[in-house]
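Shown below is the structure under consideration.
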Amino acid sequence: MRRNLTIKAIEALKPAPSGGRYDIADAIVPGFGVRVTDKGKKSYILTARFPGSSNPTRRTIADVGAMELTKAREVARVWLSQIAAGLDPQAERERARLEAAHRLATFGEVVQQFMTQHVRRNALRSGDEIDRLLKKDVLPVWRDREFVSIRRGDVARLLDEIEARAPVHADHVLAILSKLFNWYMAREENYQSPVVRGMRRTAPKDHARSRVLADDEIRLFWAASADAGTYGAFLRVALLTAQRRSKVVAMRWSDIDSEGVWTIPAEPREKTNAGSLKLSKLALSIIEPLPRWEDCDFVFAGRGKAPINGLSKAKTALDEAMAEEAGAPVANWTVHDLRRTARSLMSRAGVRPDVSERVLGHAIPGVEGVYDRYSYDREKGEALAELAGLVTSIIEGKSPAAEVIRLPRAESANRPGSRPSAPPRPRSIQRHAR
């Protein structure tokens, strides 16, 4: 009896009696069906009179689960057409396999294998960025090239083109290509990677950032962020916790307990993070008034169930507000510079360096990092309290004069050391961060 096989119908098939097996024929494709064993194993089969045989025989197409039902039917139809032409499907499949083995793989095919077998299988945290850069900068150029035909000169010319618009970006692409070529080289004994030393376009020290916000810049930042809504609150908390932007953006109400302790979830393959931090009273005073949405657990909520986005546009609007208050453009700074600023302020406040490093979530090197398993929760909480106290002194203009670091600013609207007046509400900084 034939049945119109469906996925649900196949899943419902019971194991055969002990020592037996049975077949269920498909009503759509002649000879196609499913075989079920006493162990419950299910396989797609085709029953036909194959070339060289006078009687109908069964051949397995694939195990159920290893191939979709629609694909199995398609294979069965191909086999039937090959049989009608006097060809043996098994011999044809082997011939196609040998042809594919001898054909040189394209760059695009190797990239697909690399992403599946290395990047995704190992759940690399940089997986999305690797995929994005390969699709944006490399695949449009080399997708159909034979992989082994790509030489050192090809890599150099590609990097030259990228360097012309973004030197540091060229080095990022080079690092990904190096991983890809080395991964392939580990699988092919006769292959040599075209990437060699000396192909970098910049030296790390050339783009290592050392920017920290000076006291007068912190006052400008604090005043401007007051009118930036959720985005301004996010930036203030980033400064007061010294955490990476991604960690602060992902802060959830459920991660903060009734004592104000924020537990930072660890991501897959993450080496270390700050763990649990007792938030300062100043940080909590910024977080607590933020709106809470029933269907969104993020502290810095955006639209829908996601955290705020559009951070670049909101940052630009904040920079404009700071420049308007200062009477001149403020030197470029990034959100990550707040983390460096916080670390420097903790040192200025007398926090022990090893405690500051634990607040930042840095791995502690050497024997101390291996054997000292103390949580330092109390010390980290005290460090954030000291940081908040110093920030408060700075924004109130009460920090010790000897400690104040000011950057010269042409035509500043404020005298050195004076507290800047409250800025006018900037043009909708908040609307960019949603």
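The values are calculated or read from the model by the stated rules, or taken from the named source; none is laboratory data. It should be emphasised that the depicted structure is a prediction, and the values quoted were computed from it without experimental measurement. Positions of Cβ are backbone-derived with ideal geometry, glycine not excepted, and every protein chain shown enters the neighbour counts.
Picking from ASP295, ASP255, which residue would you name as being of a type in the set (D, E, K, R) and touching a strand residue (DSSP E or B) at 6+ places or on another chain (Cβ under 7 Å)?
The match here is ASP255.
Suppose we filter ALA170, ALA238 for residues that are touching a Leu at 6+ places or on another chain (Cβ under 6 Å) and over 30 Å from GLU357 (Cβ atoms); which single one remains?
None of the others qualify; the one that does is ALA170.
Suppose the filter is surrounded by 11 or more Cβ atoms within 10 Å (Cβ to Cβ) and modelled with pLDDT under 95; does SER126 pass it?
yes
Which ones in the stretch 278-309 are among the small types (Gly, Ala, Ser) and modelled with pLDDT of 95 or more?
Residues satisfying the conditions are SER280, ALA283, SER285.
On to the next question. Any chance the stretch 315-325 includes a residue that's of a type outside the set (Val, Ile, Thr), loosely packed, with under 14 Cβ neighbours inside 10 Å, on the phi < 0 side of the Ramachandran plot and in the same structural domain as ALA385 (by TED's automatic domain parsing)?
Within the stretch 315-325, not a single residue is of a type outside the set (Val, Ile, Thr), loosely packed, with under 14 Cβ neighbours inside 10 Å, on the phi < 0 side of the Ramachandran plot and in the same structural domain as ALA385 (by TED's automatic domain parsing).
Further question on the same structure: Any chance you could count how many residues in the stretch 193-204 are free of Cβ contacts under 8 Å to residues at least 24 places away in the same chain and surrounded by 11 or more Cβ atoms within 10 Å (Cβ to Cβ)?
1
Now a separate question. Can you name the residue in the stretch 357-373 that is among the aliphatic types (A, V, I, L, M) and assigned to a helix (DSSP H, G or I) and is also nearest to the chain's Cα centre (by Cα) among such residues?
Among them, the one singled out is LEU360.
Across the stretch 374-401, which residue is farthest from LEU213 (Cα to Cα) among those that are in a loop (DSSP other than H, G, I, E, B) and in contact (Cβ under 8 Å) with a residue 24 or more places away in the chain?
If we take residues in the stretch 374-401 being in a loop (DSSP other than H, G, I, E, B) and in contact (Cβ under 8 Å) with a residue 24 or more places away in the chain, then SER375 is farthest from LEU213 (Cα to Cα).
Criterion first (over 30 Å from ILE130 (Cβ atoms), among the aromatic types (Phe, Trp, Tyr) and either surrounded by 12 or more Cβ atoms within 10 Å (Cβ to Cβ) or modelled with pLDDT of 95 or more (or both)) does PHE32 satisfy it?
Yes, satisfied.
Okay, residues lined up against (1) on the phi > 0 side of the Ramachandran plot; (2) free of Cβ contacts under 8 Å to residues at least 12 places away in the same chain; (3) among the polar types (S, T, N, Q):
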site: LEU133; (1), (2), (3): no, no, no
site: ARG152; (1), (2), (3): no, no, no
site: SER178; (1), (2), (3): no, no, yes
site: TYR184; (1), (2), (3): no, no, no
site: ARG187; (1), (2), (3): no, yes, no
